[in-house]
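Enquirer: I have a structure I would like to understand better, so I am pasting it below and will then ask my questions one at a time.
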Amino acid sequence: MNRKLRIYIAGAMSGYPNLNWDAFDRKEKQLESDGWDVVNPAAMDRDAGIDPTDLGMYDYEEAASRDIDALRSCDAIYMMAGFQFSKGACWERALARDMGLQRYYEIPREDHERPKDFEK
């Protein structure tokens, strides 16, 4: 039996209304309709009881640990537009690259990835 490939959505949350959850939810629906099994950090935040209007008790390290565990269960990562302005999304991208996951970009740019044959 073939399983659906699993993809993690990465993007900016901090500084956006409702932590940008609406954009994450829209992207989740799109990726699901494309046949992916989607890991949506916004949904994980909601499941953890995070209130986007009151982050006073928000434990960033706990959330980051949860996100890393989720990313490890994936085959790919989807980088939303503006990811480069988010520390969290940038380290998620770096981890995905280190893990050898396929990387997809909402706004493709040649400077996001070095060619495989790049010499340091």
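The values are calculated or read from the model by the stated rules, or taken from the named source; none is laboratory data. Nothing here was measured: the structure is a model prediction, and the numbers come from that model. FYI the Cβ positions are ideal-geometry reconstructions off the backbone, even for glycines, and counts take in every protein chain you see. Side chains are part of the model used for accessible areas, which takes the heavy atoms of the whole protein and leaves out ligands, DNA and RNA. Shrake-Rupley method; radii C 1.70, N 1.55, O 1.52, S 1.80 Å.
Enquirer: Determine the pairs where a residue that is among the β-branched types (V, I, T) and at pLDDT 70 or above, located within the stretch 56-68, has a partner that is open to solvent by less than 90 Å² (accessible area, probe 1.4 Å) and in a helix (DSSP H, G or I) with Cβ atoms under 9 Å apart, the partner being 6 or more residues away or on another chain.
Expert: From the stretch 56-68, the pairs are I68/W91; I68/E92; I68/L95.
Enquirer: Also, I was wondering about something else. Mind counting the residues in the stretch 88-100 that are within 12 Å of the chain's Cα centre (by Cα) and either touching a residue at least 60 places away in the same chain (Cβ under 8 Å) or surrounded by fewer than 12 Cβ atoms within 10 Å (Cβ to Cβ) (or both)? Walk me through how you get there before you give the answer.
Expert: Let us first name the residues in the stretch 88-100 that are within 12 Å of the chain's Cα centre (by Cα), namely 88-96.
This time we only want the ones that are either touching a residue at least 60 places away in the same chain (Cβ under 8 Å) or surrounded by fewer than 12 Cβ atoms within 10 Å (Cβ to Cβ) (or both), so: 88-89, 92-94, 96.
The total comes to 6.
Enquirer: Still on this model: Which residue, of I77, I50, is over 21 Å from C90 (Cα atoms) and open to solvent by less than 60 Å² (accessible area, probe 1.4 Å)?
Expert: Only one candidate passes the filter, namely I50.
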